[in-house]
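Below is one structure; the comments refer to it alone.
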């Protein structure tokens, strides 16, 4: 969005952000109520399995980055590349908007936002509070857009890998908890088991980082 | 047809990601938990152990690559 706004004009970029936000809201509004009609055990099973596959992807990338097997995201380099591409693109006008700037912002927000919409729908439907989950996500989106417009630079100081680690751990924890419950298992202490599962996942992740770092040193 | 394929590839990548074996391992672990539960065994411990194994094997494959 920043690259589109800086290089192609803020009007088209913000229109792209607004259009993508509307599409995401429609997805949440359509999927949310539909999911709440599914029996809770079936919902826990499906949502748990999806959160697990999703959470393991995040955790896997974060562990590989933390252990040096995958390069850390260089936000400044990515921003500079996107800015260059946006400046080089043709200036086609559609509906009074710079079409490249609009589609760049629209695609970026929609694709990244789909992950957030997925988390809102799954967590919200399983806990019976989609509205509250959507409100939390909307507040985060507004905050990021405001900071982005004010700063007009990539948020390089945000510790991206640490955030991915945290989100991956949470998704994996809830995925383990709900998929086991959905499959018919009962946790000792019921919901009180969740913090212990989280501690297990975090311990597992830090252990994996340490082992992979040692393995990397041996290979080097 | 091209758009349908692209749509399918996007969702496969979105849900399954880089390592389809990890997703398959998760599904196998859930199925095993359900089978044990149906047999009267409360196998709450199976998912954490299976996820640990799936994650470690996936990391090893990525590290070797």
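Structure summary
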quantity: Rel. contact order, % - alpha carbon contacts under 8 angstrom, at least six apart, chain B; calculated: 32 percent
quantity: Calculated FRET efficiency for the pair residue A:190/residue B:5, C-beta based, R₀ 35 Å, to 0.05; calculated: 0.20
quantity: Degrees, to the nearest 10: B:2-15 long Cα axis against longest axis of chain B; calculated: 30 degrees
quantity: Peptides ranked, highest mean first, by Cβ atoms within 10 Å: ranges A:59-70, A:171-182, A:107-118; calculated: A:171-182, A:59-70, A:107-118
quantity: Cα gyration tensor shape for the range A:2-219, rounded if a/c is under 1.5, else prolate or oblate; calculated: oblate
quantity: Inter-site label distance for residue B:64 and residue A:78 at 7 Å from Cα along Cβ, in nm; calculated: 2.9 nm
quantity: Computed over the range A:2-219: relative contact order in percent, which uses C-alpha pairs under 8 Å that are six or more apart; calculated: 39 percent
quantity: Prolate/oblate/rounded label for the range A:131-220 (Cα gyration tensor, a/c 1.5); calculated: oblate
quantity: Shielding by partners - mean other protein chain Cβ count within 10 Å, residues of A:33-39; calculated: 0
quantity: MRE, 222 nm, helices only [DSSP H, n ≥ 4, -39500 (n - 2.57), over the protein assembly as shown, to nearest 500]; calculated: -27500 deg cm²/dmol
quantity: Mean Cβ neighbour count within 10 Å, used as a protection proxy, ranking B:3-9, A:134-140 highest first; calculated: A:134-140, B:3-9
quantity: P(r) weight above 17 Å for the range A:22-105, C-alpha pairs, percent; calculated: 73 percent
quantity: Cβ neighbours within 10 Å from other chains - mean over B:7-15; calculated: 2
quantity: Other protein chain Cβ atoms within 10 Å, averaged over every residue that makes up A:54-62; calculated: 5
quantity: Binned Cα-Cα distance frequencies in the range A:91-163 - 5 Å width, integer %; calculated: 3, 13, 15, 21, 19, 14, 9, 5, 1, 0
quantity: Cβ-Cβ FRET estimate between residue B:24 and residue A:210, R0 fixed at 25 Å, reported to 0.05; calculated: 0.40
quantity: Shape call, chain B: gyration tensor on alpha carbons, a/c limit 1.5; calculated: oblate
quantity: Principal-axis tilt of helix A:10-36 within chain A, Cα atoms, nearest 10 degrees; calculated: 30 degrees
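A short reminder: the numbers here are calculations on the coordinates, not readings from a lab. Source: prediction; values computed, not measured. As a convention, Cβ positions derive from the backbone with ideal geometry for all residues, glycine included, and neighbour counts pool all protein chains shown.
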